[in-house]
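My structure is below; once you've seen it, I'll send some questions.
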Protein chains: 2
Amino acid sequence: MVCEAENPPPHADGPRTAQRFEIQETYRPSAPAPSNPALNFPCLDAIESRSARLSADCSSASRPGFSSSSSSSSAGPEPSYTSGVTLNYHCRDPLLLDWGGVLPSFNIAYESWGRLNADKSNAILLHTGLSASSHAHSTDANPAPGWWEKFIGPGAPLDTDRFHIICTNVIGGCYGSTGPGSVDPGNGEMYATRFPILTMQDMVRAQFRLLDHLGIDRLYASVGSSMGGMQSLAAATLFPDRVSRVATISGCARSHPYSIAMRHTQRQVLMMDPNWNRGFYYGRVPPHAGMKLAREIATVTYRSGPEWEQRFGRRRADPSKPPALCPDFLIETYLDHAGEKWCLTYDPNSLLYVSKAMDLFDLGYENQMATQARRRAREDALATSSYSPSDSAADAHCSLTLPSEPYQEQPDSSSSASDTSETPSSPANPASFLPPADLIRGLSPLRDIPTLVMGVASDILFPAWQQREIAESLRLGGNRNVTHVELSEETSLFGHDTFLLDLKNVGGNLRLFLD
Amino acid sequence: MVCEAENPPPHADGPRTAQRFEIQETYRPSAPAPSNPALNFPCLDAIESRSARLSADCSSASRPGFSSSSSSSSAGPEPSYTSGVTLNYHCRDPLLLDWGGVLPSFNIAYESWGRLNADKSNAILLHTGLSASSHAHSTDANPAPGWWEKFIGPGAPLDTDRFHIICTNVIGGCYGSTGPGSVDPGNGEMYATRFPILTMQDMVRAQFRLLDHLGIDRLYASVGSSMGGMQSLAAATLFPDRVSRVATISGCARSHPYSIAMRHTQRQVLMMDPNWNRGFYYGRVPPHAGMKLAREIATVTYRSGPEWEQRFGRRRADPSKPPALCPDFLIETYLDHAGEKWCLTYDPNSLLYVSKAMDLFDLGYENQMATQARRRAREDALATSSYSPSDSAADAHCSLTLPSEPYQEQPDSSSSASDTSETPSSPANPASFLPPADLIRGLSPLRDIPTLVMGVASDILFPAWQQREIAESLRLGGNRNVTHVELSEETSLFGHDTFLLDLKNVGGNLRLFLD
């Protein structure tokens, strides 16, 4: 028999149970027994249990881990991604996005600390990383510690005695600002994957609508780490007259292919989860297994190999037990735990849209010009009265996205014995690296803006050469007020996560810069 | 309505088609239209098409991409992972494995090049990487180029005018040597995940059974790259009297947590594919989507960021089209293509077992002693006549594998603002790094064996410090004949893949060493 789909294979514990019974009876199995026992898969059991639990939750009408954003029409007793106690600004003017999409209206959920002074000149806009919310610091309404709790406060690097600090939730996310889990005013349904493609600049434009609303004409500083470090730069390129200082920490001016590759695998693993259902999972069991694994992959990029070598080494979770295909080494149970903690706390569709926006980030001049041209054409089209907003975008999205020809290996790189000695120097080689003229020109709006650029040598996701690239581009573009700090491996082995952990060096340099 | 599972959400092209029709009719949709069109997911369409095709293949009785190993009972017209033209050695003596499993008999499929001389003193055992087969070089029976085609031949680094080169397929794999897709003589069914946990040393012991059979008492050299670099060292620690020289290229003496983490994510993504079915997918649609994605993750680790920066940069596959959540950047289509090429060419269960064996690799003395003790206890048990081979192993596998307590963050590493300035020096820091005494002792069987250790600075999977660790351990253990070569980033940006590509430097140093 060749195809035996109708004959369901025994699960892991089926044959073992049977075999044990026979061993107890006779000490020699009479039916043929396998030479070795089947392995167990507790990691899959855990996923299946969660699916069953979420499914049960769902049928008992408490929705599984899902929030509707504040603009959602279906409120309920279900848990929410949001704290529920953010400030909210609802903007009724449509927001045109860089790739042609439109948000007819949108919400910005945000938090703030410290007093805005009379002339509104002491505001600092703090940009978040991908999965961080506006809750950077505890508030009266939400006393839980924030992700930068010790960096914000009286006398802290972001000194609430001096500054009014505003942290927003990005559009596209799931913490109360409009995202894929919000209701589309166009049809009254949740956007899901009818949400339009976003860019960092779109997120920043939405933030500046909030600043308009608050009457803040000019920021004392734009500050951000990781994805927030991208946005901090983007704010100054879009609105150079409204930003007095820029601090960008463990960020970049353009995403590089390794980071795109790592985010690609996270998106793919999520989209492969059958529960993702092409984005239409709201009100059903969410793709928690895909989210868990996406977070595990992300976690690999957040720390450094040497740190793990020190922290986990090769220790197994329980050395008295035999190895398994499920998590077994301590590093594996650490990743498993990171995924478990996260898999129901962030909207899967938000992960897709926001991580894609990171991939698309490129402050090169050519990309900025192309975007401007695209926006003008779209604005013209939208100004035509008979125009339906989704018309041209629908056309543009129709054909997509894999090229008709599959990727072909370049002969010079895949031939099985090429001479590699003529490889040109790389951006990882500081001695020989010059940033491209396109990036120097693209960052020229920052020429007169004092800028702090910080990087960490052990960061593999936003490697230190990317911050050198920013600093060099600014200097070569004529900016005489660039501070570049690179924390060595001796200073921090915490890789990309250093910005969350290192109050002394990251906080200290930020404080110096803002003084 | 809170849970709407009974209301299947529209797929991507449903609403767009409807909306287009209305636009054509009236230029103003009368039914509510979404503000933006739904995205398309051609990458998911491709996976679903392949599933449908494989399912159809299966029902028309040609099995989808599956080989049975040569010991399988179910032969058929289906394609095979094996070339079908390897040499074969079937060993009828049971093989006891390091973690207690037993192969009652096993097959080794292998290929060889060059003549074995009269006193059988010119044999080189070449060990493969994880997914490579024994086909390192073309043969008369199989003229397809091998994975080291230019490294083997008359006058090549592995000189067939001088040496008899033997390359075997590892047990646990799917290229004809016994693995999870082979039939278990115990019950006449395919092993699947009733295959026992393997180690590198188990694979090497099986190889040496072949050498016994061929009458080769002592190897001229044990040579290998990547996983083969592990095995090359393992051969000399297990059989120091039978190995005259060791060459280990881009390998290591013990897996480090970053590489375990990357393999963990590959295993998890594969095991999450519903088609994997806990390993019992033979004769059904295989977990091709999980395999594809596992390969994409692996591919990320095979090259280096700087190489991709040069090769792909931020180029999109088709800049005239809007971005998409499916592959879009050239780096993404490259990864997609790498996964597509591979997803039906390797047995998913083999990937799990062989990658796990890599994680378990540790030539430290303590681990070697613990393994010896475990083997002795198991041998004693097996010698007891009333003993059923699967009995104690079944007990050992019963409880497993996640610790009952989830992983807890260490307070000193997760507190949100720790002082990181006292981080001790790391193995990535060559100035301060000394290999652990346990490893120096574990490698002491190689004290009198000339050893070539090669590494590549741009390798992120087997980073250069791991080869420095081998070389330093050997030297500190008293070996005066250690050659350590580290190819700089200027020499090669090809990362881990350098060993496949760099004939001049990798091949050249190997030739010098073997002379």
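Just to be sure I understand the interface: list residues from region A:314-331 that lose 30 Å² or more of accessible area between the chain on its own and the complete protein assembly, 1.4 Å probe.
Residues meeting the cut-off: A:Arg314, A:Lys321, A:Pro322, A:Pro323, A:Ala324, A:Leu325, A:Pro327, A:Phe329, A:Ile331.
Percent of accessible area on region B:70-173 owned by carbon and sulfur, 1.4 Å probe? Please list the in-between numbers first.
Numbers: 2040 of 4000 Å².
Roughly 51 percent of what the probe reaches on region B:70-173 is carbon or sulfur.
A follow-up question, please. Which distances, in nm and shortest first, link the B:Ser60 label point to the same label point in every other copy, taking 7 Å along Cα→Cβ?
Its label point is 5.0 nm from the equivalent points in the other copies.
Now for a different question. With +1 assigned to the C-beta of every Lys and Arg and -1 to the C-beta of every Asp and Glu, and no other charges, what is the dipole magnitude of region B:469-515 about the Cα centre in debye, to the nearest 20?
Numbers: 4 positive and 8 negative charges, 61 e Å.
Using Cβ point charges on Lys, Arg, Asp and Glu, region B:469-515 gives about 300 debye.
Which residues of region A:291-306 show a drop of at least 20 Å² in accessible area when all protein chains are present, compared with their chain alone (probe radius 1.4 Å, heavy atoms only, ligands and nucleic acids excluded)?
Checking the loss per residue gives A:Leu293, A:Glu296, A:Ile297, A:Val300, A:Gly305, A:Pro306.
If you roll a 1.4 angstrom probe over the protein chains with everything in place, what fraction of the accessible area of region B:260-359 belongs to carbon and sulfur, to the nearest %? Write down the numbers at each step before the final one.
Values: 930 of 1790 Å².
It is 52 percent, rounded to a whole number.
Also, I was wondering about something else. Could you work out how far the C-alpha centroid of region A:123-193 sits from that of region B:460-515, in angstrom?
Region A:123-193 and region B:460-515 have Cα centres spaced 49 Å from each other.
How far, in nm to one decimal, is A:Ala144 from itself in the other copies if the label point is set 7 angstrom along Cα toward Cβ? Shortest first, please.
5.3
Moving on. Buried accessible area for the B:A pair, summed, 1.4 Å probe, in Å² rounded to 100?
Values: alone 25430 and 25450 Å², together 35770 Å².
By this definition, chains B and A bury close to 15100 Å².
I'd like the distance between the alpha-carbon centres of region B:281-355 and region A:303-319, rounded to an integer number of Å.
27
May I ask you to give the average projected area over all directions of the convex hull of the Cα atoms of region B:260-359, in nm² rounded to one decimal? Intermediate results must be reported in sequence, preceding the final value.
Details: hull surface 29.0 nm².
The Cα convex hull of region B:260-359, projected and averaged over all directions, gives 7.2 nm².
On a straight-distance basis, which lysines could pair with B:Lys321 in a cross-link, Cα separation under 20 angstrom, same-chain partners fewer than 8 positions away excluded?
By straight Cα distance, B:Lys321 reaches A:Lys356.
Only counting protein heavy atoms at a 1.4 Å probe, give the residues of region B:179-210, ordered by number, whose accessible area falls by 30 Å² or more when the other protein chains are present relative to the chain alone.
B:Gly186, B:Asn187, B:Thr193, B:Arg194, B:Ile197
Can you send over the solvent-accessible area of B:His484, 1.4 Å probe, protein chains only, in Å² to the nearest 10?
Solvent-accessible area, nearest 10 Å²: 60 Å².
Another question about this same structure. Compute the accessible area per residue over region B:260-359, keeping the other protein chains in place, probe 1.4 Å, unit Å².
Details: 1790 Å² over 100 residues.
Dividing the accessible area of region B:260-359 by its residue count gives 18 Å².
Now, a different point. Could you provide, to the nearest whole Å², the per residue accessible area of region A:457-512 with probe 1.4 Å?
Details: 1950 Å² over 56 residues.
Solvent-accessible surface per residue comes out at 35 Å².
With the label 7 angstrom out along Cα to Cβ, how close does B:His213 come to the same site in each of the other copies, in nm, nearest first?
7.5
Ok, one more. Considering only protein heavy atoms, with the full assembly of protein chains and a 1.4 angstrom probe, order A:Asp497, B:Asp93 by accessible area, largest first. Intermediate values should be presented prior to the final figure.
On the way: A:Asp497 25, B:Asp93 95 Å².
Most to least solvent-accessible, the answer reads B:Asp93, A:Asp497.
Quick one: putting +1 on the C-beta of Lys and Arg, -1 on the C-beta of Asp and Glu, what dipole do you get for region B:260-359 around its Cα centre, in Debye to the nearest 20? Don't skip to the answer; put the middle values down first.
Values: 14 positive and 11 negative charges, 18 e Å.
That gives region B:260-359 a dipole magnitude of about 80 debye.
Specify, for chain A, the residue whose C-beta is closest to the rotation axis mapping it onto chain B, with the distance given in whole Å.
A:Val269, 3
Distance between the C-alpha centers of region B:250-280 and region A:81-103? Whole Å please.
One Cα centre to the other: 40 Å.
Please calculate how many Å² of accessible area region A:95-164 carries per residue, with a 1.4 Å probe and no DNA, RNA or ligand atoms counted.
Details: 2400 Å² over 70 residues.
That works out to 34 Å² for each residue.
Below 14 angstrom from the Cβ of B:Trp113, what's the summed charge of the other residues (Lys, Arg +1; Asp, Glu -1)?
Neighbour charge sum, excluding B:Trp113 itself: -2.
The values are calculated or read from the model by the stated rules, or taken from the named source; none is laboratory data. Keep in mind that what you see is a predicted model, and the values were worked out from it rather than measured. Glycine also receives a Cβ, built like all others from the backbone with ideal geometry; neighbour counts cover every protein chain displayed. These area figures cover heavy atoms from the full protein model, side chains too; ligands, DNA and RNA do not enter into them. Shrake-Rupley method; radii C 1.70, N 1.55, O 1.52, S 1.80 Å.
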